[in-house]
Amino acid sequence: MSLRINASMVQGVRKASVPSIPTRAVFKPVSRRAIRATPASPSLAATTSRNVVVCAQLEHDTSAAMDFDTSQGRLISTTEVAAFIQRDDMMDQMYRWSLIEAAESGFRNFGMPMTVDPFYLGDVLWGYKVGIYCDGEKLTDLSINFDNLATQKHEYIGRGDDGFPVGEGRVNEILGKNIEIWKLDQVPVSEDLRSAIKAYCNGFAQAMNRYYAFGSVFVGFAQAMNRYYAFGSVFVDDAQ
């Protein structure tokens, strides 16, 4: 499958075309009509298993954790997260990746300075905001977060009568069916800001690819550190 982030921005700005990247996740652009048609979330409950939010009997409103009005923002992209993925681990790694790549080196990596601020649902890291700046002025905020929908996780996989795998055993509902990227306003963007958002989304997609492939967004960092410890330079491959 290929990961396609179509960073459709606000009105008056053309859609950004993004090259396909091999991955197990598919980011899908979401229209405003589709957003309005999204059904209200069911009554979900949060219990934790390794801090994963599992729906049971109590209600949780994730909008309180996100602390922004989705009607005032624009959903850039969304992708469904497999039920077996640990939500707390995925978001923690994406947050720490953003601290390194955006908060510390946003201008160098994406073209504009950035800040990164987390928000929580109970004790679980539910997402974070990325502030984008130019000349000391904040231009916009992005939000990376799980949604308030649920997905089902079966206890184990069995074989159906037709020979194909089917979910069997006890079923848990896992809160946070999709991971989303929001632009938190409707203000038209400049070409420079559009490029910065596109660059961040591309970097985010590549980090997600590494997480699905290797279980860590930092696999490239680890390899670079190994080269540094072994040869005293992270560029030893280039030198050879």
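The values are calculated or read from the model by the stated rules, or taken from the named source; none is laboratory data. The shown structure was predicted, so the numbers you read here are calculated from the model rather than taken from an experiment. Note: ideal-geometry Cβ built from the backbone for every residue, glycine included; neighbour counts use all protein chains shown. SASA here: full protein model, heavy atoms, side chains in, ligands and nucleic acids out. Shrake-Rupley method; radii C 1.70, N 1.55, O 1.52, S 1.80 Å.
Summing Lys, Arg as +1 and Asp, Glu as -1, what charge do residues with Cβ under 14 Å from the Cβ of I100 carry, I100 excluded?
Details: positive: R96, R108, R210; negative: D92, E101, E104.
For residues surrounding I100, the net value is 0.
Please report the carbon-and-sulfur percent of the accessible area for the stretch 66-164; probe 1.4 Å, protein heavy atoms only, DNA, RNA and ligands left out.
Details: 2170 of 4780 Å².
Carbon plus sulfur share of accessible area: 45 percent.
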TODO: On each of the three principal axes of the Cα atoms of the stretch 116-204, give max minus min coordinate, whole Å, ordered largest first.
DONE: 62, 31, 21
Open item on the list: With equal scatterers on the alpha carbons only and no solvent term, can you work out the Debye log10 of I(q)/I(0) for the stretch 81-240 at 0.09, 0.13, 0.15 1/Å?
Closed with: -0.41, -0.75, -0.91
Task: Global size of the stretch 127-171 as Cα Rg and Dmax, reported in angstrom - done: 21.3, 63
TODO: Please report, in whole Å, how far the alpha carbons of the stretch 172-227 spread along each principal axis, starting with the longest.
DONE: 43, 41, 12
